[in-house]
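The values are calculated or read from the model by the stated rules, or taken from the named source; none is laboratory data. Keep in mind it's a predicted model, so treat the numbers as computed, not measured. Note that each Cβ is placed from the backbone with ideal geometry, even for glycine, and that neighbours are counted across all protein chains shown.
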Amino acid sequence: TGSNRMEITENSTSVDVEHKMCANYEKNICRKKETIRKIFQKIKLLLDELNKYLNTKKSQVIFQNDLLQENNQPNFIQLQCRTLDQLKCHLDNIIHIGYDLGLYGLFLGIISLKNYLESKNALINITDKEAKDLYEKIIKSLDSLINNEFKNLPENRQILYSDKVIRLEEIIKKNSLGQCIVFVERVYAAAFLYQVLGKIFGDSIKIKYLAGSKAYIDGISVSNKYQREVVEEFRQKHINVLISTAIIEEGLDIPGCNLIIRFNKPNNFSSYMQSKGRARSRKGNALFVLFRDESEYEEYESNKEEYRNYEFMEKLLKQNFKVDYDSDSSSNDDHNTLRPYRTENGVKIDGIRSIQIINQYCAVLGNSEILSPRFCFYTNENNRFKCILSMPTNCPIREDIICENSNKRLAKQECCLKMVEMLHKKGELDQRCLPIRPAQCLTTDDDDDDEETEKISFEIIEKQSSYFFHDYNSLSTCWHLYRINISNNNDLGFIVPNELIKLPKFNLYGRNDVLTVKITYLKPIDLKPYKNQLEFFCRYIFEEVFDDMNTGLESILKFDIEHSTFKLFPCLLNKSDDIDYQRMMTICDRKNKFIQNLSELNDNELYYPSYPSKKQLYTNISDVSLLKRVTDKWEYKKPLETIENYADYYEHKVPNIHIQRDLSMATMKGFRKPRINYLKDSPLKKEKETNSLIITQYSYYPIEVLHYGPLNQTDFELFFKLPSILVRISQLYYIEQLRKLLADKIRSYSLFDNEHMSIVTFDDCLTNIFSSIPSNVLSLVSFNYNFSLKNINEFQPSSNLIFQSITRRSANENTDMENLEILGDCFLKLAISMSFYHQYPFDNAGKLTLKKDKQVSNENLYQLAKKQELINYLYVDKLIYEGKEANWIPPGYKIDEEISQKYTKQKAKRKAFADMIEALIGAFLISTNYITTMKFMKWLGLDVIPINSEKPPSILRADLSDTIDNVNSKIQEFFSNFAFDDIEKKINYVFKNKAYLIAAFTHPSYYNNRLTQCYERLEYLGDAILDFLVIRCIFVEYYKQVTPSRVTDIRQDLSNNGRLAYILVSCDLHKKILHQSPYLFTRITSYLENQTLFSQEQSMKDKLNKVTLVFANEDPWDPL
């Protein structure tokens, strides 16, 4: 930060550059060795067949695996093929690896791909027979290569490894005392080069590799946490060689790293400089090695010229950091006449340093591109120099700086000093007057679990189904009676200590039918006279009827209504809307009740024999043809030789019992208990039960060993619905509270009366919503912020939608929040983007993106959910009623706090709460309108409604006004000069404000546009709009055909840079981009020379028709 260059000199690193010429494997081995050529040829033939198929038929999705993988080559490549065209891409990559690494690299790639394609993760569902045959042929061909051609790998190292691998081995051996980073182009190359070097060096040298956070190859998941661990190991010198993609080109500083090797040619100048800059060792000269294996002379000459340009550009950058010598004659001390800029904390910036800072700042503005300030000089009539400093158009300081001095160099320095002062005061420079770089890390994927706070990775919240009037510690005598109407049965009821909020009707799902349940309030009742009877009945139901719920004296759940978290008494009702105490006590009296004589047997009753420890229930069969007598011969294995008949066996089996020899036995058939979980419709299970072959087996028991079952068959069917009913009541109790909370806070609608609401089905609401496509669902309407926050309408999210919004997939319900979350996520980003675009009219796209990312981050959404007390509404755990894994507390029971967590709490990652917030946004979006949704988001604490935004911010430069006639005429003149009306004709749209179209085609490097901003702010806004429109189209037009993972897949494919670039070039609109960037010109030229994409014979119509077939993995062209 000082006025001299001592700091730069002291901290700089001298890096020697060495070009290593390597023999090209394809040219020198594959073409000359017949056996090797045939191996590569076999894979190429498979590719030719794939191409032939794909050119004639639209590729079909062939995998059912819903695991979504980003398709953004070369940063994350995953051996998880999902379509035939992607399979083609992977085979093509494996050939590339073979040419890059040699035969052994090809072998590793084929092994890895074959293993995955045959794994359980690649379930094939091909409807087209030709495609299926082709897929199976590829599998067999890969298997044949492994078992035949690769069975005995050659010992000749020149064939086994490429020349680049052999030379890499030599360099690493020479650098055994130092550290080395090997940069490769693709994830495939990183993964398999790591394995190749592992075979060569064994354990003598520690090697690891890094790739993108979503990369997954051969069982290694390169998560953010893994990346940080590997970098730290390398920093601590526990790793000698680190193989990496471009992910660590920027932001990694390892002082001991003295060797950088570019295994593949750098993609651009930025990549060249950044990777070279990783050579940091100052003990001796660091070395930057570039491997060259061009196969053709033209390619060699082209690359040679490109490297010369890189060196020249590097030299120019370095010169910008030295004293600027001009042709004018001036004293070396002249710069002392300029007043330096001093910051509040004492940093002093003189004229020379200010030039350095301005150049550094422009490099930061350019991100991966080369942007520079523009200096214009002219001499006035007094022979004094005037300097005009123009910054790139994406700089927040948009006005030109003009300074006059007798010395040309001093005029330039004075301009830079003023600009440094303005940038520092605007917050673009830090306390040391250095450019503030965007936050840098290995990855910026905030959906990765490793990005969550490691110390608090999970949140423990209450389980709603276990808390029902739990805060009533002292039991009042006045309770409230409710009837449970289940389709045609009105016998069940319950009482609670306080009156419930009105609940909507809801569905239960039986084996063969759907049951509708309605909760009806009857009256208040006095608990005191009947408390003992109600407690006795409740214990009987949940200890005798449900005998596997871990309840009872010796179990972990103890009955204690006063301290229970679920305060409710189940009961039976009569037709007079009173509690039927007599029937309840009659049921309780069945406990351990024996059968007295055969005449009591009834086909509707249930019985169980007294001697087994676990009750097995039976029904009576009144078929005289099946009767047996107790004196009939015992037909099974005899525990004693003295046993002759059934009477002997049961007298032996049951102590102190006498069997009458003159009676018949009861003919019994095993009773299958009713389904206990009525929450979810299970069509697969239903089909399995229907199709299964049931063989009836009969059992015979003397009446002396038979007890009455805890209930008869009719009551069993009724009471086994009770747990599911109570779960739904408690869930709807909280859902209705949440609905009321949202209505009270947002104040955009009056809450519907539950009597007029549709039945809560607890299934996917979106299927019904998008099947009819109502006009008000995600409609495309004109929108501005000039709306009243008090606007009232009738649209509101239903109980069904709220339930879906708070339900995770892990809850194992008929529905979950995933699709609503996708909708909410894209609208959240759109709303925040629009708001910030209005609120910060002079912030560049980088700053807007940082602000937006903070707002939409999982951590922020979690904190907002916590602040608004929404976190306890999340529904995470699957409910289990019985057995060792049971986690549901029956009403009236309590559990010791030390072991209560499984029953009363649920654990969720912070991301789950963020997902719930996004799902709630999605629920508002499809059930209300954009305004009400944004009001909900504003209540949450999201900055989505800008203040005083009656109109969008001006697209003109900061020093201009779009209300001045002179400006408008200049815009029209600029528009006409560049024939921008051609664009309007092609896109069939006429802009009212021509400045927007001019800005959309203005690159930051184009200084001659002094009227409008560059495209970056519009790009920031358009990205969010495009994402929302794509998602909207998928949901509205194709909802029945997509799953959550495929929605994301289509979303990425339709809005990726490669597709958008192709469309722009196909429409011939790339010629309209205004720029003065050699870097951009090179990128455009290289893209246009791709003969595969752009054939000279194709018309624009043909090119656009081809858009659907352009593979998403094409090298994305960001500027387009």
**Prompt:** Taking the stretch 838-861 on its own, how many of its residues are touching a Leu at 6+ places or on another chain (Cβ under 6 Å) and farther than 22 Å from I917 by Cβ?
**Reply:** 0
**Asked** For the stretch 1009-1028, which residues satisfy the criterion of being within 23 Å of A995 (Cβ to Cβ) and not in a loop (DSSP other than H, G, I, E, B)?
**Response** T1012, E1016, R1017, L1018, E1019, Y1020, L1021, G1022, D1023, A1024, I1025, L1026
**Asked** So which of L106, L87 ends up being within 33 Å of the chain's Cα centre (by Cα), part of a helix (DSSP H, G or I), aliphatic (A, V, I, L, M) and modelled with pLDDT of 85 or more?
**Response** L106
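Yes or no, residue by residue, for (1) within 25 Å of K721 (Cβ to Cβ); (2) surrounded by 14 or more Cβ atoms within 10 Å (Cβ to Cβ); (3) aliphatic (A, V, I, L, M); (4) out of contact with any Phe, Trp or Tyr (no Cβ under 8 Å at 6 or more places or on another chain):
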| site | (1), (2), (3), (4) |
| --- | --- |
| Y646 | no, yes, no, no |
| Y649 | no, yes, no, no |
| H652 | no, yes, no, yes |
| I659 | no, yes, yes, no |
| A666 | no, yes, yes, no |
| G670 | yes, no, no, no |
**Asked** So which residues in the stretch 471-504 are within 10 Å of I519 (Cβ to Cβ) and in contact (Cβ under 8 Å) with a residue 60 or more places away in the chain, if there are any at all?
**Response** R483, I484, G493, F494, L500, K502, L503, P504
**Message:** Give me the residue from the stretch 887-922 that is among the aliphatic types (A, V, I, L, M) and more than 30 Å from the chain's Cα centre (by Cα) and, out of that set, surrounded by the fewest Cβ atoms within 10 Å (Cβ to Cβ).
**Reply:** I899
**Message:** Please list, ordered by residue number, the strands (runs of 3 or more DSSP E) wholly in the stretch 492-607 having 1 or more residues that are surrounded by fewer than 16 Cβ atoms within 10 Å (Cβ to Cβ) and within 49 Å of the chain's Cα centre (by Cα).
**Reply:** 514-526
**Item:** Members of the stretch 1053-1063 found to be without any contact (Cβ under 8 Å) to a residue 60 or more places away in the chain and assigned to a helix (DSSP H, G or I), listed by number
**Value:** L1054, G1058, R1059, A1061, Y1062, I1063
**Complete:** Within the stretch 608-624, restricting to residues that are assigned to a loop (DSSP other than H, G, I, E, B) and out of contact with any Lys or Arg (no Cβ under 9 Å at 6 or more places or on another chain), the one that is surrounded by the fewest Cβ atoms within 10 Å (Cβ to Cβ) is S613
**Request:** Determine which member of the set K628, K669, K680 is under 60 Å from the mean Cα position of the chain (by Cα) and within 25 Å of N604 (Cα to Cα).
**Result:** K669
**Request:** State whether one or more residues within the stretch 874-886 are buried (at least 17 other Cβ atoms within 10 Å of the Cβ), in contact (Cβ under 8 Å) with a residue 12 or more places away in the chain, of a type outside the set (V, I, T) and not in a loop (DSSP other than H, G, I, E, B).
**Result:** yes
**Item:** the stretch 212-248: number of residues that are crowded, with 19+ Cβ neighbours inside 10 Å and modelled with pLDDT under 80
**Value:** 9
**Request:** Would you check which residues across the stretch 731-783 are out of contact with any Leu (no Cβ under 9 Å at 6 or more places or on another chain) and of a type in the set (S, T, Y) and list them?
**Result:** Y734, Y749, S750, S758, T761, T767, S771, S772, S775, S779, S782
**Request:** Could you tell me whether any residue of the stretch 1010-1033 is in contact with a Pro (Cβ under 9 Å, 6 or more places away or on another chain), closer than 23 Å to C395 by Cβ and either of a type in the set (S, T, Y) or assigned by TED's automatic domain parsing to the domain that holds C376 (or both)?
**Result:** yes
**Request:** Count, please, the residues in the stretch 1029-1052 that happen to be of a type in the set (K, R), modelled with pLDDT under 80 and either within 20 Å of D915 (Cα to Cα) or not in a helix (DSSP H, G or I) (or both).
**Result:** 2
**Message:** Going through L46, L67 one at a time, which residue ends up being at pLDDT 50 or above and either assigned to a loop (DSSP other than H, G, I, E, B) or hydrophobic (A, V, I, L, M, F, W, C) (or both)?
**Reply:** L46
**Prompt:** Is it the case that the stretch 836-848 has a residue that's closer than 30 Å to R808 by Cβ and of a type outside the set (D, E, K, R)?
**Reply:** no
**Message:** Step by step: first the residues of the stretch 172-196, then only those that are modelled with pLDDT of 90 or more and within 22 Å of S295 (Cβ to Cβ), then the one that is surrounded by the most Cβ atoms within 10 Å (Cβ to Cβ). Which residue is that?
**Reply:** F192
**Message:** Can you report the number of residues in the stretch 734-775 which are of a type in the set (D, E) and not in a loop (DSSP other than H, G, I, E, B)?
**Reply:** 3
**Message:** Going through V727, V777, V705, V781 one at a time, which residue ends up being at pLDDT 95 or above, touching a helix residue (DSSP H, G or I) at 6+ places or on another chain (Cβ under 8 Å) and aliphatic (A, V, I, L, M)?
**Reply:** V727
**Request:** Give me a count of the residues in the stretch 1014-1063 that are over 19 Å from the mean Cα position of the chain (by Cα), closer than 19 Å to C765 by Cβ and crowded, with 19+ Cβ neighbours inside 10 Å.
**Result:** 0
